[in-house]
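Below: one structure, written as structure tokens.
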């Protein structure tokens, strides 16, 4: 991609955060050339910002490979923010209960302009490794979380071509819209093999005291274990947990 910076605000700050976000998206050590190519700016410019991030402790460099990676300083800042956020404080105990009840990894996500951001995750040991991590941004059309946002949060499909994550990702707008209509009726969404092959996610909406959609609660695990369609036991456990979080946030509408 090529970076287009907003000239009305500090461009150096924008570039620093762009580098951090791209490195987080890559998720592994990356060389200067690859990082500059990914962002679409010169190596000299990226190198200057990397040196600053290194000096501040947000980036580390392997002396042998010379590749760069993010440090845990960002994680600790994010964790401090998560710990101070009421919604996550209410959600976390319920997430643990749901993980223990179903045996699946549980995540909590909120809607952003470009997709659903995973804020927190409670993992479990599974035959299929769930490689998605907190901080990941999931496409609306290819994730259970995104379909919930389309159904209840007013999210819109991207104006550009929908990305094909796996062979089972639906990129037909009409088909996605029809599925979203079903999601709105039944109150939950699934995405079997649509972001990760062999993995199914099932999501339910979380509402606040005003009845507004604020987040999704999701279980994820092996497709052959969760089932297609998902086993009703897992759907019931998930939706009950989502309602519990909603009640904890002050929502009294029994339909949610």
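Give the order of 34, 139 when sorted by the count of other beta carbons within 10 angstrom, beginning with the fewest.
Values: 34 13, 139 20.
Taking fewest neighbouring Cβ atoms as first place, the list is 34, 139.
Please find the FRET efficiency linking residue 163 to residue 125, where r is the Cβ-Cβ separation and R0 is fixed at 30 Å, and quote it to the nearest 0.05.
Details: r = 30 Å, r/R0 = 0.99.
It comes to 0.50.
Which of rounded, prolate or oblate describes the range 29-176 when judged by the alpha-carbon gyration tensor and an a/c cut-off of 1.5?
Working: a/c = 1.97, a/b = 1.32, b/c = 1.49.
It comes out oblate by the Cα gyration axes.
Ranked by Cβ crowding within 10 angstrom, fewest neighbours first, how are 141, 76, 113 ordered?
Details: 141 27, 76 10, 113 7.
With the fewest neighbours first, 141, 76, 113 line up as 113, 76, 141.
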Rounded to whole angstroms and listed largest first, the alpha-carbon spread of the range 140-197 along its three principal axes comes to 27, 24, 16
Tell me the angle of helix 232-248 to the major Cα principal axis of the chain, expressed in degrees between 0 and 90 and rounded to the nearest ten. 70
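In what order do 213, 140 fall by count of nearby beta-carbon atoms within 10 Å, going from fewest to most? List each step's numbers first, then the result.
Details: 213 20, 140 23.
Least crowded to most crowded, the residues run 213, 140.
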Short to long, in 5 Å steps from zero, the percent of alpha-carbon pairs of the chain per bin is 1, 6, 12, 16, 17, 15, 13, 10, 7, 3, 1, 0
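What does the C-alpha gyration tensor say about the overall shape of the range 175-256? Classify as rounded when a/c is under 1.5, otherwise prolate if a/b is larger than b/c, or oblate. Before the final figure, lay out the partial values.
Details: a/c = 2.28, a/b = 1.68, b/c = 1.36.
Since a/c reaches 1.5 and a/b is larger than b/c, the shape of the range 175-256 is classed as prolate.
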To the nearest 10 degrees, how steeply does helix 72-83 sit against the main Cα axis of the chain, on a 0 to 90 scale? 30
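For a quick protection proxy, order the peptides 194-205, 21-32 by their average other-Cβ count within 10 Å, most packed first.
On the way: 194-205: 24.2, 21-32: 14.7.
With the highest mean Cβ count within 10 Å placed first, the list reads 194-205, 21-32.
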Residue 173 paired with residue 54, simple spin-label distance in nm, labels 7 Å along Cα-to-beta-carbon: 4.6
The alpha-carbon center of the range 21-35 and that of the range 83-126 are separated, in whole Å, by 26
With a ≥ b ≥ c from the Cα gyration tensor eigenvalues, square-rooted, and the rule rounded for a/c under 1.5, otherwise prolate when a/b > b/c and oblate otherwise, the range 11-71 is rounded
Compute the helix-to-body angle for 11-26: its Cα long axis versus the longest principal axis of the chain, expressed 0 to 90° and rounded to tens. 60
If each of residue 25 and residue 96 carries a label point 7 Å out from its Cα toward its Cβ, how far apart are those two points in nm? 3.5
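Throughout, read-outs are computed from the coordinates displayed, never taken from laboratory work. Predicted model, so just to flag it, every value in this text is computed and none were measured. Reconstructed Cβ throughout: ideal geometry from the backbone, glycine too, with neighbour counts over all protein chains shown.
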